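Written below as structure tokens is the structure these notes are about.
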Amino acid sequence: MTAQEQFPGWNWNDPDALAARMDAVTEDVACCNKLESVADAVPRSRADLAALGVTGIEFAAFRTEHPEGLGTDIVSVSCGEDATEPGKVYRVDGKSLFTQLDIGEPLPFEDGSVDWVYAEHLIEHVPLLTAVYWLTEVKRILAPGGLLRITTPDLRKYVDGYVGESGFFARHRRRLRVMRLGPPMPERKAFMFNQIFYLYGHRWIYDHDELAYVLTEAGFDQDKIQDREYRVGARTDVADMDSSFRNDETIYLEVTG
């Protein structure tokens, strides 16, 4: 079977059409087999969160893998005709806690109410000012000494792939092909550089310095920002949440509140 037969209508050169495809993929991922209402109101205080067994928040996650995590996303999770509603807490597939949140709005949690926050490949999907606002809210809800681990595509890896001979572009195309995310990507260097900006609904791309900038704008201490590696960090339980998907292109940063 040819790539065209496997992925009919897929055109890497049409970012708008592929964005619609990615939205459809997200809707499929946001479906579950079992959806239970756990609380009619989002827990706000540290004590309320603890009563649900929650110590931290994972953003952009329909199913957090952390046993003490509360997953959140702007998209609702659905089960047949039932779907989550903002302002409530649900259990997805009998395991993961979830609440629907918009990171462009004030977070419903009290100051210092969580020990950790995790966000994988989220910040690049919102405008810069929204990112700073959200991180300001994250800083507010973290307990003193609490940990934020944030990951996003690394612009430096793309620049090095374009101007140098690192082999990153070839490895990245091969990885996505193995994962069957569409037909093989074009080998043109300019395409590979452009796609990180214009595909997947991306709004702002970061390197270490740009990510450090938004973190310090949000109130985090520059001296507490640390580069990390895939599944390596100050807390093993948080670092272990890193997915292998696209870890070749990812920058990992941690900072304490």
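The values are calculated or read from the model by the stated rules, or taken from the named source; none is laboratory data. Keep in mind that what you see is a predicted model, and the values were worked out from it rather than measured. Every residue, glycine among them, receives a Cβ derived from its backbone with ideal geometry; neighbour counts consider all protein chains shown. Side chains included, ligands, DNA and RNA excluded: accessible areas come from the protein's heavy atoms. Shrake-Rupley method; radii C 1.70, N 1.55, O 1.52, S 1.80 Å.
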Answer yes or no: is there a residue in the range 32-42 that is surrounded by fewer than 12 Cβ atoms within 10 Å (Cβ to Cβ) and free of Cβ contacts under 8 Å to residues at least 40 places away in the same chain. no
Does Arg156 count as closer than 16 Å to Asp221 by Cα and touching an Asp or Glu at 6+ places or on another chain (Cβ under 6 Å)? no
Identify, please: which residue in the range 165-175 is open to solvent by less than 20 Å² (accessible area, probe 1.4 Å) and in contact (Cβ under 8 Å) with a residue 60 or more places away in the chain and is, among those, farthest from Thr55 (Cα to Cα)? Phe168
Determine whether the range 198-206 contains at least one residue that is more than 17 Å from Leu135 (Cα to Cα) and among the β-branched types (Val, Ile, Thr). no
Might you let me know whether the range 28-42 holds any residue that is out of contact with any helix residue (DSSP H, G or I) (no Cβ under 9 Å at 6 or more places or on another chain), part of a helix (DSSP H, G or I) and at pLDDT below 95? yes
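Yes/no matrix, rows are residues, columns are (1) more than 22 Å from the chain's Cα centre (by Cα); (2) loosely packed, with under 13 Cβ neighbours inside 10 Å; (3) free of Cβ contacts under 8 Å to residues at least 40 places away in the same chain:
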| residue | (1), (2), (3) |
| --- | --- |
| Pro144 | yes, yes, no |
| Thr152 | no, no, no |
| Val163 | yes, yes, yes |
| Pro183 | yes, no, no |
| Gln195 | no, no, no |
| Gly201 | no, no, no |
Extreme residue, nearest to Asp28 (Cα to Cα), among residues of the range 81-126 that are small (Gly, Ala, Ser) and in contact (Cβ under 8 Å) with a residue 60 or more places away in the chain: Gly94
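Let's see how each residue does on (1) out of contact with any Ser or Thr (no Cβ under 6 Å at 6 or more places or on another chain); (2) surrounded by fewer than 15 Cβ atoms within 10 Å (Cβ to Cβ); (3) within 29 Å of Asp248 (Cα to Cα); (4) not aromatic (Phe, Trp, Tyr):
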site: Thr64; (1), (2), (3), (4): no, no, yes, yes
site: Thr84; (1), (2), (3), (4): no, no, no, yes
site: Val89; (1), (2), (3), (4): no, no, no, yes
site: Asp102; (1), (2), (3), (4): yes, yes, yes, yes
site: Asp111; (1), (2), (3), (4): yes, yes, no, yes
site: Asp115; (1), (2), (3), (4): no, no, yes, yes
site: Glu124; (1), (2), (3), (4): no, no, yes, yes
In the range 203-228, which residue that is more than 15 Å from Thr152 (Cα to Cα) and of a type in the set (Gly, Ala, Ser) is surrounded by the most Cβ atoms within 10 Å (Cβ to Cβ)? Ala218
